[in-house]
Each structure stands twice: as C-alpha cells, then as structure tokens.
Amino acid sequence: ETGVTQSPTHLIKTRGQQVTLRCSSQSGHNTVSWYQQALGQGPQFIFQYYREEENGRGNFPPRFSGLQFPNYSSELNVNALELDDSALYLCASSTPGTGLMNTEAFFGQGTRLTVV
Amino acid sequence: GQQVMQIPQYQHVQEGEDFTTYCNSSTTLSNIQWYKQRPGGHPVFLIQLVKSGEVKKQKRLTFQFGEAKKNSSLHITATQTTDVGTYFCAGPAGNQFYFGTGTSLTVIP
C-alpha cells in the first residue's frame, strides 16, 4: 500500500449539496494533487498543493476548491454538486520535484462520489 | 486544448503474446510517467522518463520517450495474466498535469 489514505471511501450526495473529501499524504510527502476519474476514463487533474499553496490547476470551475494543512493532509471541497460530478476522486502525494508533478505520485484508494 | 491520446483503447492478447500501447500528446511534456490501474483499483506508478529519446526497461516492460517529448510507448513482452489492467501515460505541461486516455489490456490464459 501507498500510505495515502482517503476518506470517506463512498459517499452519496444530492444535487446542489456540498461535499468535503479528505486525504492524508504519505509520510515525508509535502505535495498533494487531486484528480477526478469518471467511469472508463483517465484521471483528470483538478489541482495540486505544495506547502499549503495551490501551485497548479486543471480546467475545473471555482466550485472545486481545496486546502492543504501544515501536516500536509488535504481537503477537496465541491460546492453546488451536479450529477456530472459523480466520479472517483483520487488524491496523490509526492515529494516536490523541479516543477509540477515531476516526481512519482502515490495514489490513495479514492472516494467514490455519487450525486443523485 | 491539450490532449494526451493513447491507442489502442482496448487490447485483448493471448497469454505469452506481446503488447504495445502508444501515447501521443498535443504539446511537449517535461517528462512522461506511466501508471497501471487494475480494475477497481487506483493508479500505480510504473516509471518516469525525462530525457528526449530515453528508453528504460523493467523486466518484461520497455518504455520509450520520443525525441520531441510528445510521444511515448510501453511494450510488454510475453504478457502474463498479472499484466491485466489499464495503462496510462501522464505528464506535466505548463501548470497542469495530463493523463492519457488509457489502454485497457486483457490477457487470455
């Protein structure tokens, strides 16, 4: 196992609600990134945090926001949930390289979010 | 916008046959990483290539990074049932990170 833990593992929410997903990074890793993976597709990069600051962002609307804490754990918040937000949300931790995602990433098991 | 495409989308092989997946990016990537995702699992890092034209081997797996750093390939020699899964290439461009569309490999015993 990678040492990256995510909670909860499964979640069902109603359209319009807000959700918070959590991630604890592997020991020694101070960089966390989040991905959305729809069924049958590749992961889509949401954003990355390094030392509590966002240092990279994919093409996701502002209702997707995040936080990184001093212990390097992280949260992904999604407001005003839409049906299309139903997906597996993956968190990955890594050590910082010379740029964005320039080192091996260790993924958690993911949170399966269903929006009804 | 930026795209990272992989072909084929699906591949069924008899155990012992070889397998290759190709990855093509619309823009230059600073490095290419390969991940394997088993059904119901999470992506697992396989390797990272950084230099233009780089080739790396891991037992039966051979990875190449193109000269223009826009394409890559993964070749598996003599597939085994344990190779089943979806293989993704991925890499950073600008301040984003892109995963390929993936190739799902089925190995028939």
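Any idea how many residues of segment B:90-107 are over 23 Å from B:Asp18 (Cβ atoms), within 7 Å of another protein chain (Cβ to nearest Cβ) and touching a Ser or Thr at 6+ places or on another chain (Cβ under 6 Å)?
The qualifying residues number 1.
Every residue in segment A:54-67 that is modelled with pLDDT of 95 or more and open to solvent by less than 70 Å² (accessible area, probe 1.4 Å), please.
We begin by selecting, within segment A:54-67, every residue modelled with pLDDT of 95 or more; these are A:60-67.
Answer for segment A:54-67, where residues must be modelled with pLDDT of 95 or more and open to solvent by less than 70 Å² (accessible area, probe 1.4 Å): A:Phe60, A:Pro61, A:Arg63, A:Phe64, A:Ser65, A:Gly66.
Given the residues B:Gly91, B:Gly100, B:Gly85, which is the only one that is touching a Lys or Arg at 6+ places or on another chain (Cβ under 6 Å), under 25 Å from A:Gln109 (Cβ atoms), in contact (Cβ under 8 Å) with a residue 40 or more places away in the chain and not β-branched (Val, Ile, Thr)? Reasoning before the result, please.
Values: B:Gly91 fails: touching a Lys or Arg at 6+ places or on another chain (Cβ under 6 Å); B:Gly100 fails: touching a Lys or Arg at 6+ places or on another chain (Cβ under 6 Å).
The unique qualifying residue is B:Gly85.
Which of (1) buried (at least 18 other Cβ atoms within 10 Å of the Cβ); (2) more than 13 Å from every other protein chain (Cβ to nearest Cβ); (3) modelled with pLDDT under 95 is the odd one out, the single condition A:Asn71 does not satisfy?
All conditions are met except number (1).
When you check A:Arg51 against the structure, is it under 10 Å from the mean Cα position of the chain (by Cα) and open to solvent by 50 Å² or more (accessible area, probe 1.4 Å), yes or no? Outline the logic, then answer.
Details: under 10 Å from the mean Cα position of the chain (by Cα): no; open to solvent by 50 Å² or more (accessible area, probe 1.4 Å): yes.
No; evaluated as a whole, the condition is false for this residue.
Could you tell me which of the residues A:Ser25, A:Ser7 is of a type in the set (Gly, Ala, Ser) and open to solvent by 50 Å² or more (accessible area, probe 1.4 Å)? I'd like the intermediate steps shown before the answer.
On the way: A:Ser25 fails: open to solvent by 50 Å² or more (accessible area, probe 1.4 Å).
After ruling out the rest, the residue left standing is A:Ser7.
What pairs come out if I take residues in segment A:66-78 that are over 21 Å from A:Ile12 (Cα atoms) and pair them with residues that are among the β-branched types (Val, Ile, Thr) whose C-beta lies under 7 Å away, six or more apart or interchain?
Qualifying pairs under 7 Å: A:Gln68/A:Val32; A:Tyr72/A:Val32.
Mind listing just one residue for me: the one in segment B:58-105 that is open to solvent by 50 Å² or more (accessible area, probe 1.4 Å) and in contact with a Phe, Trp or Tyr (Cβ under 9 Å, 6 or more places away or on another chain) and, of those, nearest to B:Glu15 (Cα to Cα)? Before the answer, list the steps.
Narrowing segment B:58-105 to residues open to solvent by 50 Å² or more (accessible area, probe 1.4 Å): B:58-60, B:64, B:67-68, B:70-71, B:75, B:77, B:80-82, B:94-95, B:101.
Retained after the next criterion (residues that are in contact with a Phe, Trp or Tyr (Cβ under 9 Å, 6 or more places away or on another chain)): B:71, B:75, B:77, B:101.
Details: B:Asn71: 27, B:His75: 14, B:Thr77: 10, B:Thr101: 24 Å.
Across segment B:58-105, the extreme among qualifying residues is B:Thr77.
The values are calculated or read from the model by the stated rules, or taken from the named source; none is laboratory data. In this text, all values refer to a predicted model and were calculated from it rather than measured experimentally. Using ideal geometry, Cβ is built from the backbone for each residue, glycine included, and neighbour counts are taken over all protein chains shown. Only protein heavy atoms, including side chains, enter the accessible area calculation; ligands, DNA and RNA are left aside. Shrake-Rupley method; radii C 1.70, N 1.55, O 1.52, S 1.80 Å.
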